[in-house]
Amino acid sequence: MVKTSKDLTKQEHLEMYELMQLIRDFDMELSKLYSRGLVHGMTHYSVGEEAANVGAIYPLRKEDLMYSNHRRKSLVKKQVNVKDVEEVCTFTT
């Protein structure tokens, strides 16, 4: 059965909001790393598009298969560790 916004519980709304905030925080940190020269290649920010990302990924279950796009924000719902996405960054000491 498909749920609409009015069918979601307060807890589900809060979870969705937290995912949107996590995605925004990730983008903002990535932007800082990029400006410091610690990110190689191009980056694709999705600031302002968090709701679209969360709306698409929230219904996924742990066992569902998915393929992430170039923005990688869908990985947040699958609880991928940010360290597993570190091919984005080149850290130098």
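Taken together, the values in this text are just the output of simple stated rules run on the coordinates, not laboratory data. Quick caveat, the model's predicted, so the values are computed rather than measured.
Explain nothing, just compute: Karplus ³J(HN,Hα) = 6.51 cos²θ - 1.76 cosθ + 1.60, θ = phi - 60°, for every residue of the stretch 17-29 in order, whole Hz, x for Gly and Pro.
4, 4, 5, 4, 5, 4, 5, 4, 4, 4, 4, 5, 5
Residue-wise, which Karplus ³J(HN,Hα) couplings in Hz belong to the stretch 44-52, taking 6.51 cos²θ - 1.76 cosθ + 1.60, θ = phi - 60°, and x for glycine or proline?
10, 7, 10, 4, x, 10, 4, 5, 5
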